[in-house]
Every structure is written in C-alpha cells, then in structure tokens.
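The values are calculated or read from the model by the stated rules, or taken from the named source; none is laboratory data. Just so it is clear, the structure is predicted and the values come from calculations on it, not from any experiment. Glycine gets a Cβ as well: all are built from the backbone with ideal geometry, and neighbour counts include every protein chain shown.
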Amino acid sequence: MIEYYVHIDPDDAPWDLVVVCADIPDGVSRTKAAEKWLPANWRQSPPPPELASIGDSFFARGKTAVLIVPSTLAPSESNWLINPRHAEFRRIRIRPPADFRNDARFLA
C-alpha cells in the first residue's frame, strides 16, 4: 500500500478502492529477484525503464508463477507479481475484493 500511496495526487485521491488478497500455496513456483539483478538506480523516482523489462521478461519467459521483488520504499519487504498465464495460476486462490478505506493521514 505504501508503494501505491506515494504515487497518489492528494487532491485527486480515489475513495472507491478495494483490496484483493491471494493465497499462494508453498508449492507454486516462484523466483526471488535479488538486488544484484536490479540496476544500481532501481530505487530512483521515476523508476528506470530496466525495471519494467525485468517484469516483462518474467511474464514472457513464463518459467515461474510468481516473481518476488524488493519494495522500493521498504527493501526488506517484497512485492509479489503473479503471472495469470502460468499453468500454476489456477492453484492460487484469489479472495473476493474488500472495500479499502483510505486513511487521510497518508495523504496529509
């Protein structure tokens, strides 16, 4: 959520957001992107185009269902990219969307 909030214009924040969670079984294939794979400037804003090419390559190769990448804002945390075209995607359980309440303190 932090990654999302840093890109919101406080004067035009959406108030109709939903949050969607997924249950990913341990046996679903995944690749963890090590920081050494990332360009030296991977944390800059706007992000370098090389980051998009890593995601594009992940989807195009289709070797694993999940790509785990470090968060730009909290590198000890991760973002999980899911490839819906991967055969193992059917094993991932997407939970129903739930209303998400914006906390105005994020936009102050």
Next item on the list: Count, please, the residues in the range 8-41 that happen to be of a type in the set (Val, Ile, Thr), in a loop (DSSP other than H, G, I, E, B) and within 27 Å of residue 87 (Cβ to Cβ).
Entry: 3
Next item on the list: Only one of these is of a type outside the set (Asp, Glu), touching a helix residue (DSSP H, G or I) at 6+ places or on another chain (Cβ under 7 Å) and over 22 Å from residue 2 (Cβ atoms): 60, 74, 65. Name it.
Entry: 65
Item checked: Answer residue from the range 67-108, given it is hydroxyl-bearing (Ser, Thr, Tyr) and either part of a loop (DSSP other than H, G, I, E, B) or touching an Asp or Glu at 6+ places or on another chain (Cβ under 8 Å) (or both) and is farthest from residue 46 (Cα to Cα) among those -> 76
Next item on the list: Identify all residues within the range 57-74 that are closer than 23 Å to residue 27 by Cα and either basic (Lys, Arg) or more than 12 Å from the chain's Cα centre (by Cα) (or both); write none if there are none.
Entry: 57, 58, 59, 60, 61, 62, 63, 64, 65
Item checked: Which numbered condition residue 27 misses (of (1) at pLDDT 95 or above; (2) closer than 28 Å to residue 13 by Cβ; (3) exposed (fewer than 10 other Cβ atoms within 10 Å of the Cβ)) -> (2)
Checklist line | Test: residue 105 is out of contact with any helix residue (DSSP H, G or I) (no Cβ under 9 Å at 6 or more places or on another chain), at pLDDT below 95 and more than 16 Å from residue 31 (Cβ to Cβ) | finding: yes
